[in-house]
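See structure below.
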Amino acid sequence: MRVVVVGGGVLGTMHAWQAVQRGHEVLQIERERQARGASVRNFGLVWVGGRAAGEELAVARRARELWAEIGRQVDGVGFRANFSLTALRTPLELAVAEEVVARGDAAERGLKLLAPNEVRLVNPALRGEMLGGLLCERDAAVEPRVAQPALRQHLLASGRYTWLPGREVRALLPHGVRDDHGDVHGADLVLLCTGAALGGLVREIVGEVPVRRVRLQMMQTDPLDEPLTTSVADGDSFRYYPAYRGPALDALNREQPQPPVPREHKMQLLMVQRLDGSLTIGDTHEYDEPFTFDVDSAPYEHLVSVAESLLGRALPPIRRRWAGVYAQHTDPAMVVHRAAVADNAWLITGPGGRGMTCSPAIAERTALEAGL
């Protein structure tokens, strides 16, 4: 079978990976010279612990297995099973963690409650004051800025994969697609993995889809002169991830409201050390379009303050700041929007902040449903 994948981000690349692994010939088309959207503007987290019970957790766990397999085959993705640690700095945050680890699925999620001395044994770089930590042994990380090129390089060696950047697909045809150069690319199956680009071709084919766009702000430091052995989150992440919902979180929200800046920007702190030693830190969430085009300073100042309080030291200089936009299904219970949009085509979009984590398993499920 000849498969055309439209979109060069992590979701499109994982669909190309699945098709090549199953013996098919694949052409992957990307409108930019390289993927430049949310797939490269994220933490590189493979984040299992905070996922909603049921389908979302099952998809995340399967994706974690697939990422490990891919990491063994493709060194360049930078996969490492580095766990995550959520710092607990108040009694209310500690109560949320205690409630979560007492649930029946805590072992399935790989969650453990650590005392302060155990936190420092696991991650000595965390020298700030805290009451404990929530460890997730299923969480991992990859390198978002280089993962897709590394995967494509590996796929090229198969002899059944072609990468065609700088082309925008303008029309879906009965047996393929036509791009903005007027070239027709034949295909038995077309997989549209267009990310946050929900207008143009997508709107022409299917009209409106149940997907919204979300804007975020993040930053990256110069290298830290010591290892940050786990990914790190603060207690505000409990407010963001569905796994932590319950009476203890209700009490946290009621009795420990966020200060104005993180509340206004819907913030949590996540911090991941890159392979070069630098730290990726974020993030904010903006849901109402039209989005602002400014990169606001106040959220960055908040993130620096929280990160330094956890490390117990000054951060290295900030190397870069950026904003990004990703596509998120409007129904929180849906991991992704996947739909057949023609006899020969599927649209797959809207994983939201789960895209980097879940894309391998989302692509595997598409392959099964589309008969690859």
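Descriptive notes on the structure:
- Estimated FRET transfer efficiency (Phe291, Thr162; beta-carbon r; R0 35 Å; 0.05): 0.55
- To the nearest ten degrees, helix 10-21 and the longest principal axis of the Cα atoms of the chain are 60 degrees apart.
- Across the range 9-164, Cα pairs under 8 Å and at least six residues apart give a relative contact order of 38 percent.
- Degrees separating the helix 91-101 axis from the principal Cα axis of the chain, which is the longest one: 50
- From the C-alpha gyration tensor of the range 243-368, square roots of 5λ in Å: 32, 20, 16
- Taking the centroid of alpha carbons for each part, the range 265-330 and the range 149-192 are 34 Å apart.
- Dividing the Cα radius of gyration of the chain by its Kirkwood radius returns 0.98 for Rg/Rh.
- Dividing the radius of gyration of the alpha carbons in the range 150-244 by their Kirkwood radius gives 1.11 for Rg/Rh.
- Between the helical axis of 144-156 and the longest alpha-carbon principal axis of the chain there is an angle of about 30 degrees.
- Helical content alone sets the calculated 222 nm signal of the chain at -9500 deg cm²/dmol, taking -39,500 (n - 2.57) per DSSP H segment of four or more residues and averaging over every residue.
- Each Lys and Arg adds +1 at its Cβ and each Asp and Glu adds -1 at its Cβ; summed about the Cα centre, the range 63-171 shows a dipole of about 540 debye.
- Counting only Cβ charges, +1 for Lys and Arg and -1 for Asp and Glu, the dipole size of the range 215-372 around its Cα centre is about 200 debye.
- Peptides 9-18, 195-204, ordered by how many other C-beta atoms sit within 10 Å of their residues on average, highest first, read 9-18, 195-204.
- Heavy-atom accessible surface of the chain: percent carbon and sulfur, 1.4 Å: 50
- For the chain, the relative contact order is 26 percent, taking Cα pairs closer than 8 Å that sit 6 or more residues apart in sequence and dividing their mean separation by the residue count.
- Based on protein heavy atoms only, the range 155-228 ends up with 45 Å² per residue of surface accessible to a 1.4 Å probe.
- Packing-based ranking, highest mean first, of 166-178, 295-307 given that Cβ atoms within 10 Å are counted: 295-307, 166-178
- The value obtained for the range 102-149, namely the Cα convex hull volume divided by the number of residues, is 108 Å³ per residue.
- Cβ crowding within 10 Å averaged over residues, with 100-112, 253-265 ranked highest first: 100-112, 253-265
The values are calculated or read from the model by the stated rules, or taken from the named source; none is laboratory data. Model, not experiment: these values are computed from the prediction. Neighbour counts are summed over all protein chains in view; Cβ atoms, including those assigned to glycine, are modelled from backbone coordinates with ideal geometry. Quick note on the areas: whole protein, heavy atoms, side chains included, nothing else; ligands and nucleic acids left out. Shrake-Rupley method; radii C 1.70, N 1.55, O 1.52, S 1.80 Å.
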